[in-house]
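Presented below is the structure to which this report refers.
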Amino acid sequence: MIADPTDSRPLLQVKQLGVRFLVKGGFLRPKKQLKALTAIDFDVAPGESLGIVGETGSGKSTLARSLLGLVDPSEGSILWAGKPLERKSRAAVRKDLQVVFQDSLGSLDPRWTVGQSIAEALTTHSSRSASEIDQAVQKVMTDVGLRLELAGRFPHELSGGQAQRVAIARGLILRPRMIVFDEPVSALDVSTQAQILNLIDRIRKSEGLSYLFISHDLAVVRRIVDRVLVLYLGRIMEIAGRDEFFARPRHPYSQALIAAVPSTRGHKHQHAVLSQDIPSPLAPPSGCVFRTRCPKAADLCAATVPPLVENQRRHLVACHFPG
């Protein structure tokens, strides 16, 4: 479905979203509360791509699962085209909101052929005839660069790149308005990554898709998104346009993440690379959750959670001492 350029409403709005889990404390120990996400606020416009980045344990996958209805929010709301996205309404938007997971091979039924896997959503969500479904499968296979003879193959006969193209074809077959890509190229070699990223970018431009691109790899994100959202221990640290983010990161965590990206131009990064491991989400630091690894940390950071504020147009940062 092509995005309507005259529609100024966000396609997806997330407002003060929080997700909490109760975790077993062990023998005779009380359960502990894990705050996976806290006060998450962002939106995605029709046709826009948003990258969500952060280290392992930052809450990226939990955010994806909550948007897809696989995890129930503890508080806050998710709006789709201006309407609350609740459990009872998810079936109506399922065809418009699709997902491509990291383990593309594991997401395919080993007993089904490629053609059957791609056609599954159509047989579930439409009343098309068998010949119409076959035509749709052939078209989407061509769109993602899969040879039509692969339709009769089984998942174990595919390469990693082919399996990922099948996963993308499954996401596209219903012509959705948004796709959530959860680490879609992290398991692929560099040359295959480049092919898949080019494919995703080409399809977005031709179909007018919106998408969320979740990754820990900032070099990949830089190639593929319009804006970047940085998560750390379940909180948003920074949101900015791609070029602004990589040229002028304001949060010390963002600066450290960018400093860790290998430079192909021989430039030396001016910010320190992260040291220490990310704290346990079961016992996050008080105040600013990043303060235990932050070179700018002061007493204020331990006492008060910094609000997410806009320091210039659409560039938001949650830091008492943004740089």
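The values are calculated or read from the model by the stated rules, or taken from the named source; none is laboratory data. Remember, it's a predicted structure, so these values are computed and weren't measured experimentally. Here the Cβ is made from the backbone with ideal geometry for all residues, glycine too, and neighbour counts use every protein chain on show.
Data overview
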{"item": "Per-region count, region 132-152, residues within 20 Å of R204 (Cβ to Cβ) and among the charged types (D, E, K, R)", "result": "2"}
{"item": "Qualifying positions in region 13-47 - outside any strand (DSSP E or B) and in contact with a Pro (Cβ under 9 Å, 6 or more places away or on another chain)", "result": "A45, P46, G47"}
{"item": "Any hit, region 215-224, residues being in contact with a helix residue (DSSP H, G or I) (Cβ under 7 Å, 6 or more places away or on another chain) and surrounded by 24 or more Cβ atoms within 10 Å (Cβ to Cβ)", "result": "no"}
{"item": "Test result for P262, out of contact with any strand residue (DSSP E or B) (no Cβ under 9 Å at 6 or more places or on another chain), modelled with pLDDT under 95 and under 27 Å from K35 (Cα atoms)", "result": "no"}
{"item": "Neighbours by Cβ (under 8 Å, 6+ apart or cross-chain): first from region 269-296, within 13 Å of H320 (Cα to Cα) and assigned to a loop (DSSP other than H, G, I, E, B); second at pLDDT below 95 and of a type in the set (D, E, K, R)", "result": "none"}
{"item": "Qualifying positions in region 226-255 - out of contact with any helix residue (DSSP H, G or I) (no Cβ under 9 Å at 6 or more places or on another chain), in a strand (DSSP E or B) and farther than 27 Å from G208 by Cβ", "result": "R235"}
{"item": "In region 120-145, residue surrounded by the most Cβ atoms within 10 Å (Cβ to Cβ) [restricted to those that are among the polar types (S, T, N, Q) and over 18 Å from L199 (Cβ atoms)]", "result": "S126"}
{"item": "Region 146-166, residues that are surrounded by fewer than 20 Cβ atoms within 10 Å (Cβ to Cβ) and more than 17 Å from F181 (Cβ to Cβ)", "result": "R147, L148, E149, L150, A151, G152, R153, F154, H156, E157, L158, S159"}
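For every residue, the table says whether it meets (1) more than 30 Å from R9 (Cα to Cα); (2) modelled with pLDDT of 90 or more.
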| position | (1), (2) |
| --- | --- |
| L108 | yes, no |
| R111 | yes, yes |
| S127 | yes, no |
| V140 | no, yes |
| L146 | yes, yes |
| R153 | yes, yes |
| A169 | no, yes |
| D189 | yes, no |
